[in-house]
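Asks: This structure is in structure tokens; I'll ask about it shortly.
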Amino acid sequence: MPRAGRRKGAPDTRSTILEAARTLFAQYGFEGTTIRAIAASAGVTQGLVHHYFGTKEGVFVKAVHLPVDPDALLAPVLDAPAEEVGERLARAIIGIWDDPRTRTPLLALLRSATSNEQAARLLRSLLETVVFRRIGDAAGAEPVQVSIAAGQAVGVMLLRYVVRVEPLAQAGVEELVGVLAPMLQATLVDAGRSET
């Protein structure tokens, strides 16, 4: 008797689920895609999707080949007092970009997003739903502030690790945090305070 939830004759159920998830996330975005829809598209039960990936966010992270867990990356930022948001976010961003194991797949994802609309939709969905909204809520920042802060951070990382502009490419981590953190703090936290 076949095991419950497994597709008959499907040797790689996990890959089938991921392929279904990629298609649905690209078409409907993160919020518009459900575990139920992923399971139905893959021809498996919802329980099997949960077995392999835990949550919808877990499926999403694997579907877009994200090299970091957003929960682990954002935890120090989301728990930060307002005056430390910029520094903690700068350290988190620099930490993932400074590690070649996470930098390489991030670069692949960014390059894919610039040349492939499906990859761009997946990355947009990840940033808007999983990352930006949570940072905005934690910092009390408007969506445009979060987008601008992200642009600052990504621009610095691309100049440092891809274009390798000097002296940025050779700057130490502490020097980089010392410059990036105040920019992020001003954009995410201080700008909102000055309007009130």
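The values are calculated or read from the model by the stated rules, or taken from the named source; none is laboratory data. Just so we're clear, the structure is a prediction, and the values are computed from it rather than from any experiment. Glycine gets a Cβ as well: all are built from the backbone with ideal geometry, and neighbour counts include every protein chain shown.
Asks: Being surrounded by fewer than 14 Cβ atoms within 10 Å (Cβ to Cβ) and over 13 Å from residue 66 (Cα atoms) is the filter here; which residues of the stretch 98-110 pass it?
Replies: Just the residues of the stretch 98-110 that are surrounded by fewer than 14 Cβ atoms within 10 Å (Cβ to Cβ), to begin with: 99-101, 104, 108.
If the condition is that a residue be surrounded by fewer than 14 Cβ atoms within 10 Å (Cβ to Cβ) and over 13 Å from residue 66 (Cα atoms), then 99, 100 are the ones that fit.
Asks: When the residues of the stretch 115-163 are filtered to those that are under 11 Å from the mean Cα position of the chain (by Cα) and among the β-branched types (Val, Ile, Thr), which remaining residue is modelled with the highest pLDDT?
Replies: 131
Asks: What single numbered condition from (1) at pLDDT 85 or above; (2) under 20 Å from residue 117 (Cα atoms) fails to hold for residue 64?
Replies: (1)
Asks: Kindly indicate whether any position in the stretch 134-149 is without any contact (Cβ under 8 Å) to a residue 24 or more places away in the chain and among the basic types (Lys, Arg).
Replies: no
Asks: Which number in (1) among the small types (Gly, Ala, Ser); (2) surrounded by fewer than 15 Cβ atoms within 10 Å (Cβ to Cβ); (3) more than 14 Å from the chain's Cα centre (by Cα) marks the one condition that residue 72 misses?
Replies: (3)
Asks: If we keep just the residues of the stretch 74-87 that are assigned to a helix (DSSP H, G or I) and free of Cβ contacts under 8 Å to residues at least 24 places away in the same chain, which is nearest to residue 148 (Cα to Cα)? Outline the logic, then answer.
Replies: Narrowing the stretch 74-87 to residues assigned to a helix (DSSP H, G or I): 74-78, 82-87.
Right, trim to free of Cβ contacts under 8 Å to residues at least 24 places away in the same chain and you get 75-76, 84.
Details: 75: 21, 76: 20, 84: 18 Å.
Filtering first and then ranking leaves 84.
Asks: Shifting gears a bit: For residues that are in a helix (DSSP H, G or I) and touching a Leu at 6+ places or on another chain (Cβ under 7 Å), scanning just the stretch 25-38, find the one that is nearest to residue 129 (Cα to Cα).
Replies: Only one residue fits best here, namely 25.
Asks: Name the single residue that is farthest from residue 58 (Cα to Cα) among those in the stretch 111-125 being of a type in the set (A, V, I, L, M, F, W, C) and crowded, with 17+ Cβ neighbours inside 10 Å. Before you say what the answer is, go through the steps one by one.
Replies: Residues of the stretch 111-125 of a type in the set (A, V, I, L, M, F, W, C): 113, 119-120, 122-123.
Still in the running and crowded, with 17+ Cβ neighbours inside 10 Å: 113, 119, 122-123.
Values: 113: 20, 119: 17, 122: 14, 123: 15 Å.
The residue in question is 113.
Residues are listed down the side, and each one gets a yes or a no for (1) farther than 29 Å from residue 160 by Cα; (2) of a type in the set (A, V, I, L, M):
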site: 37; (1), (2): yes, yes
site: 57; (1), (2): yes, no
site: 62; (1), (2): no, no
site: 69; (1), (2): no, no
site: 80; (1), (2): no, yes
site: 99; (1), (2): no, no
site: 115; (1), (2): no, no
site: 136; (1), (2): no, no
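Asks: Checking the structure you have, find out if any residue of the stretch 104-122 is part of a helix (DSSP H, G or I) and more than 24 Å from residue 29 (Cβ to Cβ). Talk me through it step by step, then tell me what you get.
Replies: Looking only at the stretch 104-122, we keep the residues that are part of a helix (DSSP H, G or I), and these are 104-115, 117-122.
So of that shortlist, the ones also more than 24 Å from residue 29 (Cβ to Cβ) come out as 104.
Taking every residue of the stretch 104-122 in turn, at least one turns out to be part of a helix (DSSP H, G or I) and more than 24 Å from residue 29 (Cβ to Cβ).
Asks: If you don't mind, another one. Could you list all residues from the stretch 131-140 that are of a type in the set (Val, Ile, Thr) and buried (at least 20 other Cβ atoms within 10 Å of the Cβ)? Even if it seems obvious, please write down each step before you answer.
Replies: Looking only at the stretch 131-140, we keep the residues that are of a type in the set (Val, Ile, Thr), and these are 131, 135.
If the condition is that a residue be of a type in the set (Val, Ile, Thr) and buried (at least 20 other Cβ atoms within 10 Å of the Cβ), then 135 is the only one that fits.
Asks: Scan 77, 44, 59, 49 and give me the residue that is aliphatic (A, V, I, L, M), under 15 Å from the mean Cα position of the chain (by Cα) and not assigned by TED's automatic domain parsing to the domain that holds residue 180. Show your work before the answer.
Replies: Numbers: 77 fails: not assigned by TED's automatic domain parsing to the domain that holds residue 180; 44 fails: under 15 Å from the mean Cα position of the chain (by Cα); 49 fails: under 15 Å from the mean Cα position of the chain (by Cα).
It is 59.
Asks: Pick from 128, 87, 83: which is over 19 Å from residue 63 (Cβ atoms), of a type in the set (Asp, Glu) and surrounded by 14 or more Cβ atoms within 10 Å (Cβ to Cβ)?
Replies: Details: 128 fails: over 19 Å from residue 63 (Cβ atoms); 83 fails: surrounded by 14 or more Cβ atoms within 10 Å (Cβ to Cβ).
Of 128, 87, 83, the one residue that is over 19 Å from residue 63 (Cβ atoms), of a type in the set (Asp, Glu) and surrounded by 14 or more Cβ atoms within 10 Å (Cβ to Cβ) is 87.
Asks: Let me ask something else. Looking only at the stretch 10-45, count every residue that is within 23 Å of residue 112 (Cα to Cα) and among the acidic types (Asp, Glu) and tell me the total.
Replies: Adding up the residues that qualify gives 2.
Asks: Tally time: how many residues in the stretch 46-66 are in a loop (DSSP other than H, G, I, E, B) and buried (at least 17 other Cβ atoms within 10 Å of the Cβ)? Break it down into steps so the answer makes sense when it comes.
Replies: First pass over the stretch 46-66, keeping only residues in a loop (DSSP other than H, G, I, E, B): 54-55, 64-66.
Then keep just the ones that are buried (at least 17 other Cβ atoms within 10 Å of the Cβ); that gives 64, 66.
Counting residues in the stretch 46-66 that are in a loop (DSSP other than H, G, I, E, B) and buried (at least 17 other Cβ atoms within 10 Å of the Cβ) gives 2.
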